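Structure, as structure tokens:
The values are calculated or read from the model by the stated rules, or taken from the named source; none is laboratory data. Every value quoted in this text rests on a predicted model; they were computed, and no experiment measured them. Counting neighbours? That spans all protein chains shown, and the Cβs are built from the backbone with ideal geometry, glycine included.
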Amino acid sequence: MSADHYEIEYHLTPGGWITGTSYYYGKADEVVDPPVDRVLTIKKEVTQSSGYSPEDVSWDELWRDPDIQNVDALVVKYGNRPSKHR
């Protein structure tokens, strides 16, 4: 078992990045419904194998609006990931 493992969903909306549901060892810690105006949902997954090891961080895309131009415009405006995240 790892020393730490959590996941956080982020949703890109016309107003910027919004934090979504978070998971701790696969169990929902805080459930947040996706915003109706989201254009992109990504997930940050962090694992630390021991208290002394560095964090292993990965990002996955979970959902994307089919309107590519809208998504691209908001990514240009707000970035491809949230600037401040846990």
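A few comments on the model shown:
- Glu30 being at pLDDT 95 or above and charged (D, E, K, R): no
- Among the residues making up segment 21-41, none is on the phi > 0 side of the Ramachandran plot and touching a residue at least 24 places away in the same chain (Cβ under 8 Å).
- Number of positions in segment 1-28 that are crowded, with 17+ Cβ neighbours inside 10 Å, touching a His at 6+ places or on another chain (Cβ under 9 Å), within 22 Å of Val76 (Cβ to Cβ) and not aliphatic (A, V, I, L, M): 3
- Hits in segment 62-84 - residues which are surrounded by 12 or more Cβ atoms within 10 Å (Cβ to Cβ), under 21 Å from Tyr23 (Cα atoms) and either modelled with pLDDT under 95 or not basic (Lys, Arg) (or both): Leu62, Trp63, Pro82
- Condition met for Leu74 (assigned to a strand (DSSP E or B), out of contact with any His (no Cβ under 8 Å at 6 or more places or on another chain), in contact (Cβ under 8 Å) with a residue 40 or more places away in the chain and not aromatic (Phe, Trp, Tyr)): no
- Residue check for Trp59: loosely packed, with under 15 Cβ neighbours inside 10 Å and either assigned to a strand (DSSP E or B) or of a type in the set (D, E, K, R) (or both): yes
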